[in-house]
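The values are calculated or read from the model by the stated rules, or taken from the named source; none is laboratory data. These figures come from a predicted structure and were not determined experimentally. We place every Cβ from the backbone using ideal geometry, glycine too, and count neighbours over all the protein chains shown.
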Amino acid sequence: MTISVMGLGKLGACLAVTAAESEHKVIGVDIDPSIVEKVNRGIPHIREPQYDIKLASAIKRGLSATTSVEAAVLNSDITFIVVPTPSDPDGAFSLGALRPALADIGRALEKKTSYHLVVVVSTVLPGSCRYSLIPTLAAHCPSKSIGVD
Ligand SMILES: NC(=O)c1ccc[n+]([C@@H]2O[C@H](COP(=O)([O-])OP(=O)(O)OC[C@H]3O[C@@H](n4cnc5c(N)ncnc54)[C@H](O)[C@@H]3O)[C@@H](O)[C@H]2O)c1
């Protein structure tokens, strides 16, 4: 199985290198090209214990990174979304990065013929998936049927 991890920040980068310890291939995706370049060159861009060692090992096992959501989705079976959800002034978690991320995934899914699992790892409030995130995804892949767990 190939796993894509969207958002290679503090949590996503750790998820990507940890997932690469399994037999699964991992593709990382980030909108920041400097992060993508660092991951591909094995240069740590976050500070976490042993991240540098795990990144080097992950690259040997085939970890790669890209800015192309479409390439990552078309070449993987499951996408973990780990984009930021900073607090709004009213205390809710902002969906300002998640909605465009889901729109990009939806557009890629529209071109895909095989099953794809999308997992929202980012922190959101209850109801966000039902009332905002799933409708956003569905709007961008209208020919696909979406199951929700
Ligand atoms: N850091 C933690 O320990 C931790 C723990 C639990 C939950 N979380 C949650 O995980 C989520 C991510 O947290 P983080 O600390 O890793 O954030 P972060 O800010 O360190 O990293 C987010 C990354 O996502 C990228 N990004 C933004 N929009 C994107 C898009 N459309 N496509 C691809 N990449 C995109 C950014 O460039 C950045 O590299 C948040 O919802 C946070 O609440 C984080």
If we keep only residues of the range 1-31 that are farther than 13 Å from residue 57 by Cα and more than 11 Å from the chain's Cα centre (by Cα), then the residue nearest to the ligand (Cβ to nearest atom) is 10
Test result for residue 120, within 14 Å of the ligand (Cβ to nearest atom), closer than 19 Å to residue 35 by Cα and crowded, with 18+ Cβ neighbours inside 10 Å: no
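Please count how many residues of the range 97-106 are touching a helix residue (DSSP H, G or I) at 6+ places or on another chain (Cβ under 8 Å), within 12 Å of the ligand (Cβ to nearest atom) and not acidic (Asp, Glu).
Going through the range 97-106, the residues touching a helix residue (DSSP H, G or I) at 6+ places or on another chain (Cβ under 8 Å) turn out to be 98-99, 101-106.
Still in the list and also within 12 Å of the ligand (Cβ to nearest atom): 98-99, 101-105.
Among the residues that remain, those that are also not acidic (Asp, Glu) are: 98-99, 101-103, 105.
Residues flagged as touching a helix residue (DSSP H, G or I) at 6+ places or on another chain (Cβ under 8 Å), within 12 Å of the ligand (Cβ to nearest atom) and not acidic (Asp, Glu) within the range 97-106 amount to 6.
For the condition more than 15 Å from residue 12 (Cα to Cα), in contact (Cβ under 8 Å) with a residue 60 or more places away in the chain and hydroxyl-bearing (Ser, Thr, Tyr), what is the one hit in 94, 76, 68? I'd like the intermediate steps shown before the answer.
Values: 94 fails: in contact (Cβ under 8 Å) with a residue 60 or more places away in the chain; 68 fails: in contact (Cβ under 8 Å) with a residue 60 or more places away in the chain.
76 is the lone residue from the list that is more than 15 Å from residue 12 (Cα to Cα), in contact (Cβ under 8 Å) with a residue 60 or more places away in the chain and hydroxyl-bearing (Ser, Thr, Tyr).
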Reported set for the range 37-51 where residues are out of contact with any Leu (no Cβ under 6 Å at 6 or more places or on another chain) and exposed (fewer than 15 other Cβ atoms within 10 Å of the Cβ) is 37, 40, 41, 43, 47, 48, 49, 50
By residue number, the members of the range 125-145 that are crowded, with 16+ Cβ neighbours inside 10 Å and part of a loop (DSSP other than H, G, I, E, B) are 141
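How about the range 37-47: which of its residues are part of a loop (DSSP other than H, G, I, E, B) and more than 9 Å from the ligand (Cβ to nearest atom)? I'd like the intermediate steps shown before the answer.
Step one: filter the range 37-47 for residues part of a loop (DSSP other than H, G, I, E, B), giving 42-47.
The answer is 42, 43, 44, 47.
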Flagged in the range 52-96 as buried (at least 16 other Cβ atoms within 10 Å of the Cβ), within 13 Å of the ligand (Cβ to nearest atom) and of a type in the set (A, V, I, L, M), in numbering order, are 65, 69, 72, 73, 81, 82, 83, 95
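Please tell me if residue 34 is under 25 Å from residue 131 (Cβ atoms), near the ligand (Cβ under 10 Å from one of its atoms) and out of contact with any Pro (no Cβ under 8 Å at 6 or more places or on another chain). Quick ask: steps written out before the conclusion?
Working: under 25 Å from residue 131 (Cβ atoms): no; near the ligand (Cβ under 10 Å from one of its atoms): yes; out of contact with any Pro (no Cβ under 8 Å at 6 or more places or on another chain): yes.
Considered against the rule, which asks whether it is under 25 Å from residue 131 (Cβ atoms), near the ligand (Cβ under 10 Å from one of its atoms) and out of contact with any Pro (no Cβ under 8 Å at 6 or more places or on another chain), residue 34 comes out as no.
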Counted residues in the range 63-86 being out of contact with any Asp or Glu (no Cβ under 6 Å at 6 or more places or on another chain) and either assigned to a helix (DSSP H, G or I) or at pLDDT below 95 (or both) come to 5
